[in-house]
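Please read the structure below before turning to the comments.
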Amino acid sequence: QVRLVESGGGLVQAGGSLRLSCAASGLTFSDFAMGWIRQAPGKEREFVAAISWNGGTTPYADSVKGRFTISRDNAKNTVYLQMNRLKPEDTAVYYCAANPRVTLSTYGYDYWGPGTQVTVSS
């Protein structure tokens, strides 16, 4: 079956950086667009970034544009989210998700990982 597993979350001070990874299995990775979605305590899920199958399309939420970079390695079935200049408001559980097409909808993904916690202290 399809499995997405995130890693790389943790506790970091404001201004710091983290790199999230998401390893996919059970699907033809290059057939899928990938996305990162986050959910802070007490808030709705929020689209963060997505990447098309070949990396040619990479939309970002305005709140992370210029600070976060999404990338993928189809040979390793892995998608990444490099997060720089982190802010306390970036604190959330970050989910990796897969869909045949790039979508900015927080619920428009077919497959989801369990999530990884990112906490940014002030």
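The values are calculated or read from the model by the stated rules, or taken from the named source; none is laboratory data. Since the structure is predicted, the reported quantities are computational estimates derived from the model, not experimental observations. Counting neighbours? That spans all protein chains shown, and the Cβs are built from the backbone with ideal geometry, glycine included. Each accessible area value is taken on the protein alone, full model and side chains, heavy atoms only, with ligands, DNA and RNA left out. Shrake-Rupley method; radii C 1.70, N 1.55, O 1.52, S 1.80 Å.
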- Consider only pairs whose beta carbons are under 9 Å apart and that are at least six residues apart or on different chains; among these, list those whose first residue lies in the stretch 100-114 and is more than 18 Å from residue 21 (Cα to Cα) and whose second residue is part of a strand (DSSP E or B) and open to solvent by 80 Å² or more (accessible area, probe 1.4 Å). none
- Message: I'd like to know if the stretch 25-48 contains one or more residues that are touching a residue at least 24 places away in the same chain (Cβ under 8 Å), among the hydroxyl-bearing types (Ser, Thr, Tyr) and part of a loop (DSSP other than H, G, I, E, B).
- Response: no
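So for the stretch 74-86 (the condition being under 27 Å from residue 1 (Cβ atoms) and hydroxyl-bearing (Ser, Thr, Tyr)), does at least one residue qualify?
Just the residues of the stretch 74-86 that are under 27 Å from residue 1 (Cβ atoms), to begin with: 74-81.
With hydroxyl-bearing (Ser, Thr, Tyr) added as a condition, the list becomes 78, 80.
Yes, there is a match, as at least one residue in the stretch 74-86 is under 27 Å from residue 1 (Cβ atoms) and hydroxyl-bearing (Ser, Thr, Tyr).
Can you name the residue in the stretch 84-122 that is of a type in the set (Gly, Ala, Ser) and modelled with pLDDT of 95 or more and, of all such residues, is nearest to residue 11 (Cα to Cα)?
Kept after step one, since they are of a type in the set (Gly, Ala, Ser), are these residues of the stretch 84-122: 92, 97-98, 105, 108, 113, 115, 121-122.
Next cut, modelled with pLDDT of 95 or more only: 92, 97-98, 113, 115, 121.
Numbers: 92: 11, 97: 22, 98: 26, 113: 20, 115: 15, 121: 7 Å.
In this case the residue turns out to be 121.
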- Message: Looking at the stretch 60-79 only, could you name the residues that are of a type outside the set (Gly, Ala, Ser), touching a strand residue (DSSP E or B) at 6+ places or on another chain (Cβ under 7 Å) and open to solvent by 30 Å² or more (accessible area, probe 1.4 Å)?
- Response: 60, 69, 72, 77
- Item | Complete set of residues in the stretch 7-38 that are open to solvent by 20 Å² or more (accessible area, probe 1.4 Å) and closer than 21 Å to residue 101 by Cβ | 25, 26, 27, 28, 30, 31, 32
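Quick check on the stretch 60-87: of everything there that is in a loop (DSSP other than H, G, I, E, B) and within 12 Å of the chain's Cα centre (by Cα), which residue is nearest to residue 117 (Cα to Cα)? Don't jump to the end; show me each part of the working.
We begin by selecting, within the stretch 60-87, every residue in a loop (DSSP other than H, G, I, E, B); these are 61-67, 74-77, 84-87.
Filter once more, so that each one left must be within 12 Å of the chain's Cα centre (by Cα): 61, 64.
Values: 61: 19, 64: 17 Å.
Per the stated criteria, the residue is 64.
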